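Contents: one structure, followed by commentary.
All of the numbers you see were taken from the coordinates with simple rules; none came from a lab. Here the structure is a predicted model, which is why all the values come from computation and not from measurement. Backbone-built Cβ (ideal geometry, glycine too); neighbour counts: all protein chains shown.
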Amino acid sequence: MSIKVSATVALLACSIVAAPALAEDAADLGSRLTPIGAEAAGNADGTIPAWMGGITAPVAGYVQGADYVDPHAGDAKRFSITRDNLDSHRDKLTEGQVALLNRHEGYRMDVYPTRRSCAFPARVYEKTAENAGRARVEEGTNDLVDAVPGGFPFPLPKSGAEVMWNHRMAFEGVARSVLGTTAVVAADGSFVPLKWDEIRLSNYYNPERTEFSQLGNVQLKYLSSYIAPARVAGEMYLVHETLNGERNAWFYSPGLRRVRRAPTLSYDNPVSGYEGLGTADQLYMYNGRLDRYDWTLVGKKEIYIPYNNYEFAHSKHSVADLAGPSYPSRDAMRYELHRVWVVEANVKPGIRHLLAKRVFYVDEDSWRVVAADMYDGRGNLWRYQEETTVNAYDVPTCFGFGQALYDLQVGRYILDLVFNDDRRPNFHAAAEVTDAMFEVGSLRKLGTR
């Protein structure tokens, strides 16, 4: 399917509003702005409420390690957006959402009341305030410099690159472990589950690191192991995500029984098991270095995005239940109206990337990329991606409990980073996850057991 950039883009541009005037220091954080830099007030017509602190403690009935209890289970659906009425809502939709609504007669977006549930620990707020006016992005490379560890680096962003660094540094606890599923869904809805296990340790949010110089140029470390199917079982990836320069990555091949560097685990290189439907830097909506794009901060916009998706994340819905032939189950999805930062990324002149242009929509209350439109070199809309967000209130943090990556030209999609068939993500793994687990020697030992 080839979709040209059209009048919808013009509508998008017209509906963008300039970012509100921001202070040059941290004075507005915690008053006119939330502690991480979102607008504290609601919108003019009340469809977006004021931020009242979010959910900061476990909901009654929640047991750690079990499914999250939905704090908004009693909300009534406001309306549904379908192909028949999308023109009435077009100004609050992304290009990718419009494409899906036009393409699939049964595709719909069920809209619920907006709940600004995102919240973070007090220490994250404190360190975010310290970053205001201090952290900076290196010109040319867009690398991060001089940030205060432990907080979002740019609560008062002045550029698209700064917004994207907030996404890259989104707080997800100090250490976590997950066991999840990736479904590369065929046209008939069938898929072979790609099962993986991952542990992650944040150097940046380690409370013992108080100065940027103590980070040793490492943002975080993670180790991913494929469990199934048999063709990839035993493959392992070790990554040291850097703050400046290329990431350091290693790959263990069970066939070769050896560890080697993995320089292709970046940019637009293919991902093992993705069948050519996604690039390495599409993982987690966007990851890796920012040096191949020019980043433009377009402004803010109100759009409908997946939010508070406790129903979608619940283990009563298997991955097979969620993975429909053309798109994930609509019955389990919840959309809300939220303000997002809009960032446009265009490949730099003379630089190569499969995705020549990308438009990212970044939730103001979590700094997470929650939706992204992607275009090919001819200006055709090629891919669309969105994340289902949940407040893991036992931390608290907002986290993606599933992502859909649509290839609109091929007509297939990937349902990725879903945990419904497996144990719940553990954000309290700091005692079990140590730096020693992320050494190359440890990767060799794991691979030869």
field: Projected area, mean over directions - segment 179-336, Cα convex hull, nm²
entry: 12.5 nm²
task: Order by neighbour count: Val433, Val63, fewest other Cβ atoms within 10 Å first, most last.
output: Val63, Val433
- line: HN-Hα couplings for segment 360-366 via Karplus (6.51, -1.76, 1.60; θ = phi - 60°), in whole Hz with x for Gly/Pro, come out as 9, 10, 10, 4, 5, 8, 9
- prompt: Within the P(r) computed for segment 300-449, what percentage of the Cα pairs occupies the region above 20 Å?
  reply: 60 percent
- prompt: For the chain, what relative contact order do you get, as a whole percent, if you take Cα pairs closer than 8 Å and at least 6 residues apart?
  reply: 20 percent
message: With every atom except the alpha carbons ignored, what do you get for Rg and Dmax of segment 144-263, in angstroms?
response: 17.3, 52
message: As a test of the formula, what do you get for the chain when each DSSP H run with n ≥ 4 contributes -39,500 (n - 2.57) and the sum is divided by the residue count, at 222 nm and rounded to the nearest 500 deg cm²/dmol?
response: -3000 deg cm²/dmol
Measure of compaction for segment 244-321 (Cα Rg per 2.2 N^0.38 Å): 1.54
message: Please list the three semi-axes, largest first and in whole Å, of the ellipsoid equivalent to the chain, using sqrt of 5 times the eigenvalues of its alpha carbon gyration tensor.
response: 29, 27, 23
- prompt: Quick one: if you stick a label point 7 Å off each Cα along the C-beta vector at Arg103 and Glu130, how many nm between them?
  reply: 4.6 nm
- request: Average the reciprocal distances over every distinct pair of alpha-carbons in segment 338-424, invert the result, and give the Kirkwood radius in Å.
  value: 14.5 Å
- request: Return the subset of Lys195/Lys300; Lys158/Lys357; Lys127/Lys195; Lys77/Lys195 for which the Cα-Cα distance in this structure is over 31 Å, preserving the input order.
  value: Lys195/Lys300; Lys127/Lys195; Lys77/Lys195
query: HN-Hα J couplings of segment 376-381 from phi, Karplus 6.51/-1.76/1.60, θ = phi - 60°, integer Hz, Gly and Pro as x?
result: 8, x, 9, x, 8, 5
statement: In whole angstrom, the spacing between the Cα centers of segment 75-119 and segment 186-248 equals 32 Å
query: On the first, second and third principal axes, largest extent first, how far apart are the outermost C-alpha atoms of segment 52-166 in Å?
result: 50, 44, 25
